[in-house]
Amino acid sequence: MKFDTPATTNPIDKGRVVGVAHDRIDGPAKVTGSAPYAYERHDAAPNAAYGWIVGSAIAKGTIAAMDLRAAEAAPGVLGIVTHANAGKLGKGNYNTAPLLGGPAIMHYDQALALVIADTFENARAAAKLVRIDYAPQDGKFDLAAEQGNAVKPPDGGFSGAADSAVGDFDGAFAKAAVRIDQRYTTPDHSHAMLEPHATTAAWNGDKLTLWTANQMIAWSVGEVAKTLGIPKANVRLVSPYIGGGFGAKLFLRADALLAALGAKQIGRPVKVAIARSQIPNNTTHRPATIQRIRIGADKNGVIDAIGHEVWSGDLPGGGTETAAMQTRLLYGGAHRMTAHRLATLDLPEGNAMRAPGEAVGLLALEVAMDELAEACGVDPVELRIRNDVQYDPEAGTQRPYSSRKLVECLRAGADRFGWAKRNPKPGKVRDGRWLVGMGVASAFRNNLVGKSGARIGVDGAGKVIVETDMTDIGTGSYTIIGQTAAEMLGVSLDDVIVRLGDSRFPASAGSGGQWGANSSTAGVYAAAMALRAKLAEKAGYPIDQAQFDDGLVKLGDQSQTLAALAGREGLWAEDSIEFGDLDKRYVQATFGAHFCEVGVDVDTAEVRIRRMGGAFAAGRILNPKSARSQVIGAMTMGAGSALMEALEVDTRFGLFINHDMAEYAVPVHADIPQQDVLFIDELDDKSSPMKAKGVGELGICGAGAAVANAIYNATGLRLRDYPLTIDKLLKAQMG
Amino acid sequence: MKPFTYSRATSVADAAKAAASTQGARFIAGGTNLLDLMKLQIETPTHLIDVNHLGLDRIEPTPEGGLRIGALVRNTDLAADKVVRRDYGVLSRALLAGASGQLRNKATTAGNLLQRTRCPYFYDTNMPCNKRKPGSGCGAIGGISRSLAILGVSDACIAQHPSDMAVAMRLLDAQVDTVGADGVARAIPIADFHMLPGDTPHVETALKSGEIITSVTLPKPIGGTHVYRKVRDRASYAFALVSVAAVFGKDGGSRFAFGGIGAKPWRTPAADAAASSGAKAVAEAALSGARTTHHNDFKKTLVERTLASLYRQKEARS
Ligand SMILES: Cc1cc2nc3c(=O)[nH]c(=O)nc-3n(C[C@H](O)[C@H](O)[C@H](O)COP(=O)(O)OP(=O)(O)OC[C@H]3O[C@@H](n4cnc5c(N)ncnc54)[C@H](O)[C@@H]3O)c2cc1C
Ligand code: SF4
């Protein structure tokens, strides 16, 4: 089904199942431990051996010599994979460094060997016996030091153009009555999802099956094929349950490749999980940024010039952190510029993490807006309303937003939060030992869409079955897909069976960039439309008059059951949704407003979030329950990025040194009190037949800036280097 | 983790003897620190002697009016003990500020005293670390040292002692009761129990080979208002950047001990003596001789501020 004109009234608009809060249909399987995760596929590969990855102990250089004798002789060892015996390997399109290093080493903890043994313990112990002599080389590990050497990266990919310019930014900025010109920094972040990267691999002849934790099945089938040099048809990926991803599992990673190579070498299934302490340096992370923001406005805070420059680093061949993208779209202003510059660093490779670009871009932009509000003496909510724009401010009025309810979010959110009670003067509100402040920030995240397919059928018992390679990374895909099918075919959610995450199913958009929910349900919609046509035809009813209700296909007062129509062999249909150019003609994005109240200890500068609240507009909210979970989880992540999350770079050895969960702090329950989420009614007819948009990443966008702005309101301290930890607050206080 | 053998000790004396006579033997209590370190091969014992079944899990009054805490008493049970809560509140509060409920259910009194540093370089076996591998250098000096110690440090090591419980015990003048390989019992004042790194940061305590901790004895209660304040990067489940254990006495006599800043749980007579002069004076006395890096110099300010907060709360109460 082609989606190239705005949606009109369709079966989803009934709102009988879609748009109603449902528990996750996969919940019972998860809480009873019967949902099979990648490392626990005893059912599928009962005799799997265990692999343990040996990572590089240096950041850059080559392997001078490798001595495997002691490891090979260790108890239980079945084989060792290294570059020397792995055969010729390709490199996936989405990988920057080879997943199996050697002789060249590109980053710390790059996999150099996989030791396989009969037990997990034997593999781990033997891995320590692999002797590697290194010939180290000097590397570059310090983004600030390399800022001056950063270059303009090639345009393209997800990033679009590196630069943009409209009007005369320099001239307008120089003339502006009020000017903000500040530098902000954000550190490297680790996804820190609960389940590590994990894979069980088995070969049957030349056919490979990977039970793996992967967000993007179709991409990764291609990546496996390309890396191993085998046809795609010989690769099967199965990823029905995933313990979180946040972008860490968008790609083929070392667990899957090495499990495949290991299984081939020993002629037996092999499973590999990347150890928690290896995740930060072996896998991808969100790159650190240095950002400069300049805003020129009139005395009322109306923006005339806005500029956002971003510097980030990556391995040679890597990409930028596109932190200025939202600044192209979020606020008005006739004179504009953005620029991304990329430095070469020899740190582990950077890549997407939840809301790549916006998550850290808004940590800077939304603080700059707070600074502008302060400088103009305008309320920060009002300032954002004054600078609202209903079209792409770079392209002009001919490219309007498909729907944009930022102002509604700001107003409704402010109301619910009690924003009117905020004292605009910083440092004035005291509650016992706490200085109390409130902050606001806009939330903005692009709405991406992608082709997505599904197969849907009815069996002889009247059960509806949906199959697509779409993944559920904890987000609730099972449930919204089930809801969509139930709505379309007029059955209850209990009568739908959803099967996901298998490359044998039709290719979906996958889970990433918050495109999954809208695109994959739209794919199910397309397939369901085809099935409705088949059912109606079989019933002998004209499709434009047939009604689907209560497990029946109806025409006037006649009806037939789905079960009877499906017959013993069942009735199936397959289709996919393909998006035309509506996302080019209209800007499609999701919006929100974050509010936060913090307390800052008058003596110790400990920061405690007291309340978080937000209002969000993201098209039709398919399942308000799981959508709320997504938003509060993302707000929590935003709070983490404001207050504590940072991979610490040792610029001498070239690694993230705090590479475990004891030292890489993410918020715990005690850090996150009450969170209030309001969804603003919105249907976006240009986004998909579902009239939905993504919501999984919106909640992180701006959340941290609201925290930072609340700290400013509480204390009068403006910190621009994240995370805003006690040491920085104390230093700022002492001037 | 290297393969190891395992046995259950049947008596304290046997445990000590076996530990001294078996090359590479270690005691295991809750295992919450030792097992983590074994998985990373930072600790590589060849034999584990389980001391969980020796009846060392009781809390009993001493004839002197103090309290004897068995070496195997779980942190959870110790924190919840009625007498501890009434007479040694600072200890209960320090325990509850540490780790998580699950960990405290397993963690023991002796194990907590002996837990090893959280220096990130100690935890990465590819990095130099004099404590883990004597003579290999110190990765933290000149590296990432925000969490590390500023008192009692040396050119060889700036690791912090991470325990909360031990800080309260230091404040209370506890003594560590042991039995040696020769079967002889001794009592080590807690002030002498942990060693400063000097040139030998791998030597962390006064324990001799095979020596087993049987209990920790607290002297009789000292009254006063007991507080434990732990400042960290998140609200719970993180090691201290700075912690202060304090008892404010009615007669003006107060005492202070500090966590997160010392190579061992930190206490100085001069800080106690400065109590009546206020937070700034106490901080100055406690911090005498501090050696900071540009990552952890904020700890000096934070000590003073944490003390100021405690003084402020004390005044608010009275
Ligand atoms: C994630 C995490 C967070 C933590 N957070 C904190 C915190 O915030 N504050 C804090 O204070 N602690 C914290 N801890 C540390 C925790 O308190 C210790 O791990 C625990 O107290 C160790 O006790 P255990 O009984 O498990 O010791 P084990 O791991 O069993 O043993 C530790 C050491 O003591 C030796 N040993 C044990 N018993 C005896 C004995 N009777 N005689 C002689 N030697 C003995 C062992 O040989 C070993 O060397 C944390 C730990 C973890 C894993
Ligand atoms: S501070 Fe001590 S524990 Fe840390 S690296 Fe240096 S020697 Fe090792």
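The values are calculated or read from the model by the stated rules, or taken from the named source; none is laboratory data. Small disclaimer: the values here were computed from a predicted structure and weren't measured. With ideal geometry, Cβ positions are generated from the backbone for all residues, glycine too; neighbour counts draw on all protein chains shown.
General remarks:
- The lone exception for A:Ile456 - which of (1) surrounded by fewer than 23 Cβ atoms within 10 Å (Cβ to Cβ); (2) out of contact with any Gly (no Cβ under 9 Å at 6 or more places or on another chain); (3) on the phi < 0 side of the Ramachandran plot it fails: (1)
- Residue match in the stretch B:128-140 (condition: within 23 Å of B:Lys39 (Cα to Cα) and in contact with a Gly (Cβ under 6 Å, 6 or more places away or on another chain)): yes
- Of all residues in the stretch A:636-658 being more than 20 Å from the chain's Cα centre (by Cα) and facing chain B (nearest Cβ under 7 Å), the one that is farthest from A:Pro280 (Cα to Cα): A:Arg652
- Scanning the stretch B:231-238 finds one or more residues that are in contact with a Lys or Arg (Cβ under 7 Å, 6 or more places away or on another chain) and either within 14 Å of chain A (Cβ to nearest Cβ) or of a type in the set (Gly, Ala, Ser) (or both).
- A:Gly357 meets the conditions (1) within 29 Å of A:Ala256 (Cβ to Cβ); (2) small (Gly, Ala, Ser); (3) surrounded by fewer than 24 Cβ atoms within 10 Å (Cβ to Cβ) in every case but one. The failed one is (3).
- Number of the exception - A:Leu555 against (1) in contact (Cβ under 8 Å) with a residue 60 or more places away in the chain; (2) over 30 Å from A:Ser402 (Cα atoms); (3) more than 14 Å from chain B (Cβ to nearest Cβ): (1)
- Among the residues listed as A:Asn447, A:Asn423, the single one being crowded, with 22+ Cβ neighbours inside 10 Å and either at pLDDT below 95 or away from chain B (no Cβ under 14 Å) (or both): A:Asn447
- Of the residues in the stretch A:591-603, at least one is touching a helix residue (DSSP H, G or I) at 6+ places or on another chain (Cβ under 9 Å), farther than 30 Å from A:Ile726 by Cα and either modelled with pLDDT of 95 or more or crowded, with 21+ Cβ neighbours inside 10 Å (or both).
- Selection count where residues are buried (at least 24 other Cβ atoms within 10 Å of the Cβ) and touching a helix residue (DSSP H, G or I) at 6+ places or on another chain (Cβ under 6 Å), scope the stretch A:325-335: 2
- Enumeration of residues in the stretch B:6-45 that are within 24 Å of B:Tyr123 (Cα to Cα), within 14 Å of another protein chain (Cβ to nearest Cβ) and not acidic (Asp, Glu): B:Thr32, B:Asn33, B:Leu35, B:Leu37, B:Met38, B:Lys39, B:Leu40, B:Gln41, B:Ile42, B:Thr44, B:Pro45
- Out of B:Ile69, B:Ile28, sole residue that is in contact with an Asp or Glu (Cβ under 8 Å, 6 or more places away or on another chain) and more than 16 Å from ligand 2 (Cβ to nearest atom): B:Ile28
- Out of A:Ala45, A:Ala65, A:Ala59, sole residue that is in a loop (DSSP other than H, G, I, E, B) and closer than 29 Å to A:Gly654 by Cβ: A:Ala59
- Test: residue in the stretch A:28-46 that is among the aromatic types (Phe, Trp, Tyr) and within 14 Å of chain B (Cβ to nearest Cβ): no
- In the stretch A:115-152, the residues that are in a strand (DSSP E or B) and within 20 Å of A:His659 (Cα to Cα): none
- Test result for B:Ala94, away from ligand 2 (no atom under 16 Å from the Cβ), in contact with a Phe, Trp or Tyr (Cβ under 9 Å, 6 or more places away or on another chain) and among the small types (Gly, Ala, Ser): yes
- Annotation: A:Leu582 fulfils all but one of (1) closer than 26 Å to B:Arg305 by Cα; (2) more than 14 Å from every other protein chain (Cβ to nearest Cβ); the unmet one is (1).
- Residue match in the stretch B:280-289 (condition: farther than 23 Å from B:Ser163 by Cβ, surrounded by fewer than 21 Cβ atoms within 10 Å (Cβ to Cβ) and within 14 Å of chain A (Cβ to nearest Cβ)): yes
- Whenever a residue of the stretch B:136-149 is farther than 13 Å from A:Phe653 by Cβ, its partners that are within 16 Å of ligand 1 (Cβ to nearest atom) and aliphatic (A, V, I, L, M), lying with C-beta atoms within less than 7 angstrom and at least six residues away or across chains, give the pairs B:Ser147/B:Leu241; B:Leu148/B:Ala159; B:Ala149/B:Ala159; B:Ala149/B:Ile261; B:Ala149/B:Ala263.
Let's see how each residue does on (1) surrounded by fewer than 16 Cβ atoms within 10 Å (Cβ to Cβ); (2) closer than 12 Å to A:Arg131 by Cα; (3) modelled with pLDDT of 95 or more; (4) away from chain B (no Cβ under 14 Å):
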site: A:Ser56; (1), (2), (3), (4): no, yes, yes, no
site: A:Asp67; (1), (2), (3), (4): yes, yes, yes, yes
site: A:Glu72; (1), (2), (3), (4): yes, yes, yes, yes
site: A:Pro75; (1), (2), (3), (4): yes, no, yes, no
site: A:Gly79; (1), (2), (3), (4): no, no, yes, yes
site: A:His83; (1), (2), (3), (4): no, no, yes, yes
site: A:Ala86; (1), (2), (3), (4): no, no, yes, yes
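- Failed condition for A:Gly377, given (1) in contact with a helix residue (DSSP H, G or I) (Cβ under 7 Å, 6 or more places away or on another chain); (2) at positive phi: (1)
- Index of the failed condition, A:Pro46 passing every other in (1) modelled with pLDDT under 95; (2) of a type outside the set (Phe, Trp, Tyr); (3) under 26 Å from the mean Cα position of the chain (by Cα): (3)
- Under the condition of being assigned to a helix (DSSP H, G or I) and free of Cβ contacts under 8 Å to residues at least 60 places away in the same chain, the residues counted in the stretch B:51-77 number 2.
- Residue in the stretch A:692-704 that is within 30 Å of A:Pro424 (Cβ to Cβ), in a loop (DSSP other than H, G, I, E, B) and at pLDDT 95 or above present: yes
- Answer residue from the stretch B:97-122, given it is within 16 Å of ligand 2 (Cβ to nearest atom) and in contact (Cβ under 8 Å) with a residue 24 or more places away in the chain and is surrounded by the most Cβ atoms within 10 Å (Cβ to Cβ) among those: B:Cys119
Yes or no, residue by residue, for (1) within 12 Å of another protein chain (Cβ to nearest Cβ); (2) more than 10 Å from ligand 1 (Cβ to nearest atom); (3) of a type in the set (A, V, I, L, M):
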site: B:Lys106; (1), (2), (3): no, no, no
site: B:Asn126; (1), (2), (3): yes, yes, no
site: B:Arg146; (1), (2), (3): yes, yes, no
site: B:Met165; (1), (2), (3): no, no, yes
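- Restricting attention to the stretch B:13-42, the residues that are within 8 Å of ligand 1 (Cβ to nearest atom), touching a residue at least 60 places away in the same chain (Cβ under 8 Å) and either assigned to a loop (DSSP other than H, G, I, E, B) or surrounded by fewer than 16 Cβ atoms within 10 Å (Cβ to Cβ) (or both) add up to 5.
- Where B:Ile42 falls short, out of the listed (1) of a type outside the set (Phe, Trp, Tyr); (2) in contact with a helix residue (DSSP H, G or I) (Cβ under 6 Å, 6 or more places away or on another chain); (3) within 16 Å of ligand 2 (Cβ to nearest atom): (2)
- The set of residues from the stretch B:242-268 being among the charged types (D, E, K, R), touching a helix residue (DSSP H, G or I) at 6+ places or on another chain (Cβ under 9 Å) and not in a strand (DSSP E or B) comprises B:Lys264, B:Arg267.
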